[in-house]
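To keep things clear, I will list the structure first and then write my remarks on it.
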Ligand SMILES: Nc1ncnc2c1ncn2[C@@H]1O[C@H](COP(=O)(O)OP(=O)(O)O)[C@@H](O)[C@H]1O
Ligand SMILES: [Mg+2]
């Protein structure tokens, strides 16, 4: 991949910091690049600076330090309305006294675009968000999901190079949100515009984005594809924030194998696992990579320990089985893939926990 000549980034954020009055350091020395056509997510817990970063891209906030380049141009002195970006806000306010079509065309009217062109572009934008037939409706005759589409159409009609979306689906109920996630992915592919979405919902980011920046306390902790974040988190924070994971405290020393360490972790003993951090570490392993058996596994050399089932959480397609091993709580995900299961775990069942050391990581903070 090193020899590929990647196009210049459409967004280049270089060592950007933002401090609000009252000495609130919302964004600290963030650098990242987004490429043309990407569906990029800013993901992190509430208050970590996602909205602030997005607002700086839109020009509604000015960085205290660092530079932002959009499409090769330094944005320092460029007003929001002169930027080739458009933002869909968390509260997707639409004008209540205008029809859907008037709402969508409003920005073009302000820009003095000719009436005929407005009509054409509005029709095209409504078609894109599948509201082709609803142009004459009033906003209060729309569902929440449809109003969200109006807000999207209103942003798309301006033909921005980058669409910024701040938690655009947070007001929708779970089912609709999932449908709109697919819809946004489809839309992004259709229009080919770069999307940058802000979300605190890791499953939303994983399912939609092709790359994700995980943020914490105003800083970027890791930038990677969904798969890399899940399988190869660079820290305890990212591992814990993305999906579910078991973290066992232990100690690591250097090993003979490159990119591996020799970790000692109770109750499993000493083993070679992937990692670079030495000293105090967490052994991280995903619950679906933990095996759980009634009989002691005979064939493998995998780390193993015996314990007792304490809780079972049933989720339909799978269950999370919690096992206590000498005071350590371990979560194993068991797939419910046959309708009538041959073996069932119950509270109090004595079981064996094992895993392949290849599936474990040694992580620092
Ligand atoms: N206008 C503002 N004035 C002062 N502090 C702010 C302002 N906007 C945001 N903050 C603070 O900056 C931090 C980051 O906020 P924000 O970017 O909204 O985070 P997020 O979108 O990740 O929830 C928070 O501590 C928040 O309270
Ligand atoms: Mg926010």
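The values are calculated or read from the model by the stated rules, or taken from the named source; none is laboratory data. What you see is a predicted model, and the numbers here were worked out from it, not measured in a lab. Backbone-built Cβ (ideal geometry, glycine too); neighbour counts: all protein chains shown.
Can you tell me which residues in region 166-195 are within 16 Å of ligand 1 (Cβ to nearest atom) and touching a helix residue (DSSP H, G or I) at 6+ places or on another chain (Cβ under 7 Å)? Spell out the reasoning first.
Start the filter on region 166-195 by keeping residues that are within 16 Å of ligand 1 (Cβ to nearest atom), which leaves 166-171.
Within region 166-195, 166, 168, 169, 171 qualify.
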Can you tell me which of 223, 273, 285, 292 is at pLDDT below 95 and touching a strand residue (DSSP E or B) at 6+ places or on another chain (Cβ under 6 Å)? 292
Of the candidates 118, 70, the one satisfying the condition of being under 23 Å from residue 184 (Cα atoms) and in the same structural domain as residue 209 (by TED's automatic domain parsing) is 70
May I ask you to say which residue of 162, 214 is within 27 Å of residue 19 (Cβ to Cβ) and within 13 Å of ligand 1 (Cβ to nearest atom)? 214
Using beta carbons and a limit of 6 Å, which pairs, at least six apart or on different chains, have the first residue in region 167-187 and within 16 Å of ligand 2 (Cβ to nearest atom) and the second one in a loop (DSSP other than H, G, I, E, B)? 167/90
Any idea which of (1) more than 17 Å from the chain's Cα centre (by Cα); (2) away from ligand 2 (no atom under 16 Å from the Cβ) is the one residue 32 doesn't satisfy? (1)
Which condition breaks for residue 348 when tested against (1) loosely packed, with under 12 Cβ neighbours inside 10 Å; (2) under 22 Å from residue 239 (Cβ atoms)? (2)
In region 142-175, which residues are touching a strand residue (DSSP E or B) at 6+ places or on another chain (Cβ under 7 Å) and either not in a helix (DSSP H, G or I) or not assigned by TED's automatic domain parsing to the domain that holds residue 40 (or both)? 158, 160, 161, 162, 163, 164, 165, 166, 167, 168
Those residues of region 189-205 which are away from ligand 2 (no atom under 16 Å from the Cβ), surrounded by 19 or more Cβ atoms within 10 Å (Cβ to Cβ) and under 21 Å from residue 44 (Cβ atoms), in sequence order: 194, 195
Restricting attention to region 132-141, and to residues there that are in a loop (DSSP other than H, G, I, E, B) and within 20 Å of residue 121 (Cβ to Cβ), which single residue is nearest to the chain's Cα centre (by Cα)? 132
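Would you mind stating whether residue 203 is out of contact with any strand residue (DSSP E or B) (no Cβ under 7 Å at 6 or more places or on another chain), within 16 Å of ligand 1 (Cβ to nearest atom) and within 29 Å of residue 244 (Cβ to Cβ)? Write out each step before concluding.
On the way: out of contact with any strand residue (DSSP E or B) (no Cβ under 7 Å at 6 or more places or on another chain): yes; within 16 Å of ligand 1 (Cβ to nearest atom): no; within 29 Å of residue 244 (Cβ to Cβ): yes.
For residue 203, the condition - out of contact with any strand residue (DSSP E or B) (no Cβ under 7 Å at 6 or more places or on another chain), within 16 Å of ligand 1 (Cβ to nearest atom) and within 29 Å of residue 244 (Cβ to Cβ) - is not met.
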Residue in region 59-79 that is nearest to ligand 1 (Cβ to nearest atom), counting only those that are surrounded by fewer than 19 Cβ atoms within 10 Å (Cβ to Cβ) and touching a residue at least 60 places away in the same chain (Cβ under 8 Å): 69
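Given the residues 231, 266, 276, which is the only one that is in the same structural domain as residue 217 (by TED's automatic domain parsing) and surrounded by fewer than 21 Cβ atoms within 10 Å (Cβ to Cβ)?
Details: 266 fails: in the same structural domain as residue 217 (by TED's automatic domain parsing); 276 fails: in the same structural domain as residue 217 (by TED's automatic domain parsing).
None of the other options fit; the residue is 231.
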Residue list for region 101-119, restricted to those being surrounded by 11 or more Cβ atoms within 10 Å (Cβ to Cβ) and free of Cβ contacts under 8 Å to residues at least 12 places away in the same chain: 102, 109, 113, 117
Among the listed residues 81, 103, 86, which satisfies the condition of being under 26 Å from the mean Cα position of the chain (by Cα) and away from ligand 2 (no atom under 16 Å from the Cβ)? 86
Of the residues 305, 326, only one is in contact (Cβ under 8 Å) with a residue 12 or more places away in the chain and on the phi > 0 side of the Ramachandran plot; which? 326
Selection from region 37-58 of residues over 21 Å from residue 192 (Cβ atoms), surrounded by fewer than 22 Cβ atoms within 10 Å (Cβ to Cβ) and within 15 Å of the chain's Cα centre (by Cα) yields 45, 46, 51
Yes or no: residue 131 in the same structural domain as residue 28 (by TED's automatic domain parsing), buried (at least 24 other Cβ atoms within 10 Å of the Cβ) and either under 29 Å from residue 97 (Cβ atoms) or within 16 Å of ligand 1 (Cβ to nearest atom) (or both)? no
